[in-house]
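The values are calculated or read from the model by the stated rules, or taken from the named source; none is laboratory data. Note that the coordinates shown come from a computational prediction; the quantities given were computed from them, not determined experimentally. Glycine also receives a Cβ, built like all others from the backbone with ideal geometry; neighbour counts cover every protein chain displayed. Accessible surface is based on the protein model in full, side chains and every heavy atom, while ligands, DNA and RNA are left aside. Shrake-Rupley method; radii C 1.70, N 1.55, O 1.52, S 1.80 Å.
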Amino acid sequence: MPKIIVLPHDTLCPDGAVLDANRGESVLDVALKNGIHIEHACEKSCACTTCHVVIREGFDSLDESDELEDDMLDKAWGLEPESRLSCQAKVADEDLVIEIPKYSLNHAKEDH
């Protein structure tokens, strides 16, 4: 079973985490079901950049991003060559190491 290693993030996952994932699950769904609340303002429809993550290891195991995801990523804060929208990146057979950027562009965010 592949794993997703989440690097520490000050607010979402201060100690980092190692998550079990099933092939075909999105990185976002795995994070959410394990209590790591990555923003996803468009409800996983590939219409925003709030779920942007950087794949530090295992990037080449993912299916290539499509044109819509690439267009969205062009608007992401802190874009890197290994950036993906976590709602679109599906786990394959390799472990992934992900970093959740410190900031996201969410114009509709409500602070609670």
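Taking first residues from the range 1-20 that are more than 19 Å from Ala92 (Cα to Cα) and partners that are in a strand (DSSP E or B) and among the β-branched types (Val, Ile, Thr), the Cβ contacts under 6 Å between residues at least 6 apart in sequence or on separate chains come to Cys13/Val6; Gly16/Val6. Residues of the range 60-73 that are open to solvent by less than 40 Å² (accessible area, probe 1.4 Å) and not hydroxyl-bearing (Ser, Thr, Tyr): Leu62, Glu69, Met72, Leu73. Looking across Leu85, Leu68, Leu96, Leu62, one residue alone is more than 14 Å from the chain's Cα centre (by Cα), among the hydrophobic types (A, V, I, L, M, F, W, C) and at pLDDT 95 or above. It is Leu68.
Condition check for Arg23 on (1) open to solvent by 80 Å² or more (accessible area, probe 1.4 Å); (2) at pLDDT below 95; (3) over 24 Å from Pro8 (Cβ atoms): one failure, at (2). Could you list, ordered by first residue, the pairs with Cβ atoms under 6 Å in which the first is in the range 44-72 and within 22 Å of Ile5 (Cβ to Cβ) and the second is in a loop (DSSP other than H, G, I, E, B) and of a type in the set (A, V, I, L, M), at least 6 apart or interchain? Here the result reads Thr50/Ala41; Cys51/Ile38; His52/Ala76; Val53/Ile100; Ser61/Ala92; Leu62/Ala89, each pair linking the range 44-72 to a residue that is in a loop (DSSP other than H, G, I, E, B) and of a type in the set (A, V, I, L, M). All of Glu57, Glu39 fail the test of being surrounded by fewer than 17 Cβ atoms within 10 Å (Cβ to Cβ), on the phi < 0 side of the Ramachandran plot and out of contact with any Leu (no Cβ under 6 Å at 6 or more places or on another chain), apart from Glu57. The condition (being surrounded by fewer than 17 Cβ atoms within 10 Å (Cβ to Cβ) and within 18 Å of Ser104 (Cβ to Cβ)) is satisfied by just one residue among Ala76, Ala89, Ala31, Ala47: Ala47.
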